[in-house]
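Below you'll find the structure, written out as structure tokens, and then a few comments.
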Amino acid sequence: MRRWLEDVEAKHGLDLLTERSRQLVLGSYAALGALILVWILILQGDVTRLGPVLAFILPLALFLPSIVTKRPRGHAWLAFVSLLYFMIGVNVAILPGVGWLGMLISLAALGLFTGCMFYARFRSRQIKTGRGE
């Protein structure tokens, strides 16, 4: 795996890989947040209680400063947190009537995990070589 990643870095360059993985992080982060809100609204139906909304959205929101400031370590930790959302998606997928939503949540969380891990790797290597912003 390490050899393959080094070959990909040599072929495409760190700048392009960093930018592509960042795009994946931003897209899947937004999609996951939106899907979690939809899931809460479908299952709960009552939007006046903010407890469930905060319980599911707050862990994602805590990593927003790391995403904005492009910190590789924050992205690595977000990758681990995204696995919790993957488990939520798998659990929602087995519920009758909202299985499609659970599959979408799982895919968004998996995309976030992949994007964060690649971004953390490529950005830290970019900083180490002195090409970072």
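The values are calculated or read from the model by the stated rules, or taken from the named source; none is laboratory data. Treat the numbers as computed from the prediction; the structure is a model and nothing was measured. Don't worry about glycine lacking a Cβ; one is built from the backbone with ideal geometry, like all the others, and counts go over all protein chains shown.
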> Quick one: which of S21, S82 is of a type in the set (G, A, S), touching a residue at least 40 places away in the same chain (Cβ under 8 Å), over 27 Å from A10 (Cα atoms) and surrounded by 12 or more Cβ atoms within 10 Å (Cβ to Cβ)?
Replying inline: S82
> Of the residues that make up the stretch 98-119, is at least one surrounded by 17 or more Cβ atoms within 10 Å (Cβ to Cβ), part of a helix (DSSP H, G or I) and touching a Pro at 6+ places or on another chain (Cβ under 9 Å)?
Replying inline: yes
> Which ones in the stretch 81-97 are part of a helix (DSSP H, G or I) and either of a type in the set (G, A, S) or over 27 Å from I42 (Cβ atoms) (or both)?
Replying inline: S82, G89, A93
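Counting just the residues of the stretch 24-56 that are of a type in the set (S, T, Y) and more than 21 Å from V8 (Cβ to Cβ), which one comes out modelled with the highest pLDDT?
Here the answer is Y29.
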> If you scan the stretch 6-40, which residues turn out to be among the aliphatic types (A, V, I, L, M) and under 19 Å from L110 (Cα atoms)?
Replying inline: L17, L24, V25, L26, A30, A31, L32, A34, L35, I36, L37, V38
> Is there any pair linking a residue in the stretch 27-42 that is among the polar types (S, T, N, Q) to one that is modelled with pLDDT of 95 or more and surrounded by fewer than 18 Cβ atoms within 10 Å (Cβ to Cβ), with Cβ under 9 Å and at least six apart or on different chains, and which?
Replying inline: S28/L107; S28/L110; S28/T114
> Can you find a residue in the stretch 43-56 that is surrounded by 14 or more Cβ atoms within 10 Å (Cβ to Cβ) and either over 26 Å from M103 (Cα atoms) or within 15 Å of the chain's Cα centre (by Cα) (or both)?
Replying inline: yes
> Any residue at all in the stretch 64-72 that is touching a helix residue (DSSP H, G or I) at 6+ places or on another chain (Cβ under 6 Å), under 21 Å from Q23 (Cβ atoms) and either at pLDDT 90 or above or surrounded by 13 or more Cβ atoms within 10 Å (Cβ to Cβ) (or both)?
Replying inline: yes
